Amino acid sequence: MAGARLDDIDRKILAELQANGRMTNVELARRVGISAPPCLRRVRTLEELGYIRGYHADIDARELGFEVQVFAMVRLAQQSERDLSAFEALVQEWPLVRECHMLNGEIDFILKCISPDLSTFQRFLTNSLTAAPNVASVKTSLVIRGAKDLPAVPFEVVEERVREAC
């Protein structure tokens, strides 16, 4: 099981930092029930092992004028590993694309895009995305409203799996 080498304290540290990455090490140590120096060592180890990939502010895109959110379903003409990797590399260059996931099924990729307005997204769609090499088709869906947006790991499920494994 992934994450099996983490003990209870490591999982508590991850859950606490996920909920509030700005808390001090002293506060984190208090919450997980250990002193500050070993807490800091554990956090650094979790960072080095890749469990913690970074610390980020949760920015409201709408407050910055990004009113449009679109999911674009992309089908490629060819799906060799080289073609898939080339498309993934190209996506890295497009700032309006915030997420890119390769899928199984009728479409090859789903892209989550944000844009300040529809005309900006349309320019991206026609000048960049549909014009990209190897793109066979693109279907888009405009987000009307979001009902749930939790970029976090559900630690209650992690803890349940650990209990079941014991």
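Of a type outside the set (D, E) and within 25 Å of L64 (Cβ to Cβ): does that describe I144? Yes: the conditions hold for I144.
For the range 98-107, the criterion of a residue being open to solvent by 30 Å² or more (accessible area, probe 1.4 Å) and touching a residue at least 40 places away in the same chain (Cβ under 8 Å) is satisfied by no position. If the condition is being more than 15 Å from A131 (Cβ to Cβ) and assigned to a helix (DSSP H, G or I), then the range 75-88 contributes E81, R82, D83, L84, S85, E88. Residues that are over 22 Å from the mean Cα position of the chain (by Cα) and in contact (Cβ under 8 Å) with a residue 24 or more places away in the chain within the range 140-166 comprise R161, V162, A165, listed in sequence order. Of the residues in the range 4-22, at least one is within 23 Å of E160 (Cβ to Cβ), touching a Cys at 6+ places or on another chain (Cβ under 9 Å), in contact (Cβ under 8 Å) with a residue 24 or more places away in the chain and assigned to a helix (DSSP H, G or I).
One line per residue, one yes/no per condition, for (1) under 19 Å from V158 (Cα atoms); (2) in a helix (DSSP H, G or I); (3) under 21 Å from the mean Cα position of the chain (by Cα); (4) of a type in the set (K, R):
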site: E27; (1), (2), (3), (4): no, yes, no, no
site: C39; (1), (2), (3), (4): no, yes, no, no
site: V43; (1), (2), (3), (4): yes, yes, yes, no
site: I59; (1), (2), (3), (4): no, no, yes, no
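Across the range 43-76, which residue is surrounded by the fewest Cβ atoms within 10 Å (Cβ to Cβ) among those that are among the aromatic types (F, W, Y) and in contact (Cβ under 8 Å) with a residue 40 or more places away in the chain? Explain how you work it out, then say what you get.
Start the filter on the range 43-76 by keeping residues that are among the aromatic types (F, W, Y), which leaves 51, 55, 66, 71.
So of that shortlist, the ones also in contact (Cβ under 8 Å) with a residue 40 or more places away in the chain come out as 51, 66, 71.
Details: Y51: 17, F66: 18, F71: 14.
Going through the qualifying residues, I end up with F71.
Starting from residues that are part of a loop (DSSP other than H, G, I, E, B) and aliphatic (A, V, I, L, M), keep the ones in the range 144-166 and report whichever is least open to solvent (accessible area, probe 1.4 Å). Top of the filtered list is A152. Could you tell me whether any residue of the range 3-11 is on the phi > 0 side of the Ramachandran plot and touching a Phe, Trp or Tyr at 6+ places or on another chain (Cβ under 9 Å)? Yes, the range 3-11 contains at least one residue that is on the phi > 0 side of the Ramachandran plot and touching a Phe, Trp or Tyr at 6+ places or on another chain (Cβ under 9 Å). Looking only at the range 89-109, which residues are under 24 Å from L142 (Cβ atoms) and in a helix (DSSP H, G or I)? Listed by number, the residues that qualify are L90, V91.
Criterion applied to S141, S119, S115, S137 was being open to solvent by less than 70 Å² (accessible area, probe 1.4 Å), modelled with pLDDT of 95 or more, out of contact with any strand residue (DSSP E or B) (no Cβ under 8 Å at 6 or more places or on another chain) and of a type in the set (S, T, N, Q), and the one residue passing it is S119.
The values are calculated or read from the model by the stated rules, or taken from the named source; none is laboratory data. Nothing here was measured: the structure is a model prediction, and the numbers come from that model. Ideal geometry is used to build each Cβ from the backbone, glycine not excepted, and the neighbour counts take in all protein chains shown. To get the accessible areas, we keep the full protein, side chains included, count just its heavy atoms, and leave off ligands, DNA and RNA. Shrake-Rupley method; radii C 1.70, N 1.55, O 1.52, S 1.80 Å.
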